[in-house]
1. With the crude spin-label approximation of a point 7 Å out along Cα→Cβ, what separation in nm comes out for residue 826 versus residue 850?
2. Would you please give the FRET efficiency between residue 307 and residue 635, computed as 1/(1 + (r/R0)^6) with r the Cβ-Cβ distance and R0 = 45 Å, to the nearest 0.05?
3. Arrange 193, 571 by Cβ neighbour counts within 10 Å, fewest through most, would you?
4. Fewest Cβ neighbours within 10 Å first, please rank 590, 411 accordingly.
5. If I model a spin label at residue 103 and residue 299 as a point 7 Å from the Cα along the Cα→Cβ vector, what separation in nanometres do I get?
6. Please arrange 612, 301, 848 by how many other C-beta atoms lie within 10 Å of their C-beta, fewest to most.
7. Taking R0 as 30 Å, what's the FRET efficiency between residue 351 and residue 597 from their Cβ-Cβ distance, rounded to 0.05?
8. Run the simple label-point estimate for residue 235 and residue 876 please: 7 Å along Cα→C-beta, distance reported in nm.
């Protein structure tokens with residue numbers, strides 16, 4: 001054992017001696033120096049190489065960003081906060097409607113209104129070092145660069161929230177080193193200008209989050225919160241926040257909804273991503289283990305809200321109308337800022353299109369709040385009534401070209417409807433009905449479709465202007481006869497619907513009955529005053545030059561037609577005492593900062609005097625009371641002071657009814673999109689009654705919601721300057737004695753400025769004869785005994801008032817009322833010869849004969865023993881009862897010429913006759929003794945003397 005230890009010591013000494021040997025020490029020193037020099041050289045090479053590589057990299061980086069401008073704070077702020085936010089729409093009274101149609105729905109929100117869960121979830125998921133870095137994370141950039149160079153299949157994000165914000169708001173999604181270099185540079189600069197709160201807030205508003213329950217694309221956490229869970233971003237639970245925070249990585253892969261708003265069958269990708277977000281939150285300490293486990297176990301699928309139709313689906317006509325009107329308003333505002341006027345835009349179509357494009361972009365990007373006048377409850381109620389109405393009429397079939405196949409297909413087209421309710425004093429459009437089914441036909445029949453307005457034009461273009469010009473009053477007399485009022489035609493025009501004529505009629509009655517001829521006649525009388533100018537003042541925007549001269553315009557025959565809105569709006573002029581107030585739907589537009597950039601202002605236009613307006617209203621009251629709209633009275637559930645007018649298009653292609661009361665004006669139109677005649681009768685109702693029924697049902701629905709608006713407590717108030725006066729119903733002038741005798745005096749309202757001052761001259765007194773039930777003017781030579789005094793329509797009056805040659809028989813078809821009135825052409829022509837003798841028969845004591853064969857015979861003289869004892873008119877019973885004697889009868893014509901005596905006939909025997917003569921002589925003697933002698937009547941003067949003729953009493957009994 002001792003020997004072994006000694007051997008070990010010897011070995012150690014040998015090794016030590018070797019190491020300390022001079023040669024050995026010298027060799028080791030040389031080796032160390034060589035190694036150290038090599039190490040230094042390697043380090044120098046690395047440093048120089050790194051510096052070179054860095055310099056090359058820096059130079060390359062500089063070359064990539066050399067074209068990128070140095071952005072100022074203001075420039076970057078404008079770009080970062082320039083994210084699109086579509087405008088919000090509101091019903092009246094700030095009732096939310098929804099968002100304007102857009103490809104991407106977004107609702108801006110400030111960070112202090114975002115759930116803390118969501119903030120932590122986003123940072124944990126997208127940028128865990130957000131509060132520590134200065135815009136970029138070098139390690140992450142190098143990792144991403146290495147993966148890109150090596151084409152690694154596993155990619156890890158290298159962008160901070162700041163970089164993502166730069167990419168979304170300033171740069172593009174292009175994949176290139178140049179874009180990445182710019183992104184890094186701008187991210188560093190953005191962090192220099194903005195604090196973390198501003199950057200995070202912008203990111204939360206910019207990021208996209210898939211689709212909402214309406215199937216619409218959404219951006220921003222507020223739109224995501226409401227669109228997925230139906231809550232505000234401030235109200236999100238932890239699981240909900242985690243789900244939303246996971247969406248930006250793959251918005252349309254993780255979103256729970258399809259593009260139709262339906263819940264996806266496979267929700268696993270989004271749920272898995274939510275769990276990943278929760279794990280990262282737990283790992284970085286944002287949530288506790290208890291919160292983590294509870295959130296993992298939560299069934300987030302029960303929080304997804306059901307399908308919600310978008311405003312465009314639920315209110316398609318309304319949202320489209322708001323959009324159109326808002327664009328029109330904003331385009332004018334933008335143009336005015338650039339120094340252009342509305343007239344400039346109207347004259348330059350390309351300029352108008354340019355500003356409309358800018359306005360459209362602003363509406364979808366700037367997040368305006370657009371407040372409208374539409375009452376949500378009334379709008380919903382009216383459209384419900386529209387859907388339930390049963391009396392539109394039958395559909396028609398039309399052949400159309402299929403847009404996809406190009407083949408002709410048969411399509412069923414229903415009767416369409418348009419209706420508008422307007423508040424008179426403000427012009428607010430309270431509600432409207434755009435059509436029956438937007439999915440089938442998108443035309444807004446209330447605001448955009450233009451059709452001839454039929455007889456609803458009459459008060460607007462004919463009666464009110466004529467009253468204003470002083471050529472007409474409600475009591476003015478107009479002819480409803482076959483007149484040739486179309487200079488281009490030799491045929492009578494116009495004709496009344498249903499045919500026939502009413503003769504002389506008052507303007508009031510003509511409007512009440514909607515007669516066409518009187519309306520056109522009244523229009524022709526003022527045509528040189530260009531009455532269509534009144535339509536222009538009342539908002540008719542599509543008038544053509546021909547509409548100012550065509551006579552058919554009086555009956556609604558417009559070149560381009562008129563919308564229901566414009567037609568109803570014009571009627572409100574009467575309710576506003578002659579001032580037109582333009583209808584509107586956009587109350588105001590407010591920007592995101594709360595600044596009102598547009599506020600509607602009422603600008604009344606003077607059209608008619610208050611007196612004219614009231615007279616027109618009073619005439620239109622009769623349309624409803626007893627005229628063409630009487631069906632309304634049994635359909636309304638309330639009573640109001642309505643004044644209105646019905647209307648029918650040519651060949652029954654359109655049906656209109658418009659009415660106004662002191663508060664509102666309301667009108668409806670029915671017809672086919674392709675103009676076709678409406679069914680005259682459907683389910684027992686005429687087209688006009690059907691139209692009035694839908695009018696009544698719609699206004700009843702509005703009344704149920706706002707009775708104080710629809711049914712004002714007070715009626716129309718009569719202004720000063722209106723008086724009630726009597727007039728002659730044949731001329732409209734002051735009553736004459738002749739008019740009074742004829743029982744033709746009436747009373748009506750007049751503008752005090754235009755009360756008639758001339759006494760009626762439409763009558764002349766004259767004589768007439770009666771044959772049967774007809775009357776004829778007597779000649780100067782006509783015997784008085786066969787004629788009687790009467791009233792005759794003055795031919796000079798006819799020519800002066802009507803200025804036309806017409807069949808005057810049509811002027812007074814109402815024979816009951818005008819029983820004693822004759823027309824100038826009621827003449828019985830003399831045939832120029834004496835009548836032939838008549839043949840007389842006797843039976844007992846009665847003579848009879850037949851009607852004369854010649855038409856100009858007006859009466860018969862009866863003679864007894866050569867003395868005239870009676871005069872019988874041709875229209876009376878042709879017989880005479882007398883006592884004993886020898887009789888003959890002579891016929892007399894209109895000119896007074898007599899026929900030869902008839903055959904002689906004997907009543908009684910000769911002895912009886914002599915005895916009768918003696919008795920008569922005795923009676924005469926007794927009478928002479930008892931009373932003074934009176935002058936005898938001349939039997940030929942027409943004074944008859946029949947009171948003294950014993951036979952006259954018998955004749956009276958026989959008659």
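No lab work stands behind these numbers, since they all come straight from the coordinates. Values in this document were obtained by computation on a predicted structure and should not be read as measured data. Methodologically, a virtual Cβ is constructed for each residue, glycine included, from the backbone with ideal geometry; neighbour enumeration extends over all protein chains shown.
1. It is 2.9 nm.
2. Efficiency for this residue pair is about 0.75.
3. With the fewest neighbours first, 193, 571 line up as 193, 571.
4. In order of increasing Cβ crowding within 10 Å: 411, 590.
5. Computed distance between label sites residue 103 and residue 299 equals 3.9 nm.
6. Fewest-to-most Cβ neighbours within 10 Å comes out as 301, 848, 612.
7. In this case the efficiency is close to 0.90.
8. Going by the 7 Å Cα→Cβ label model, 10.0 nm.
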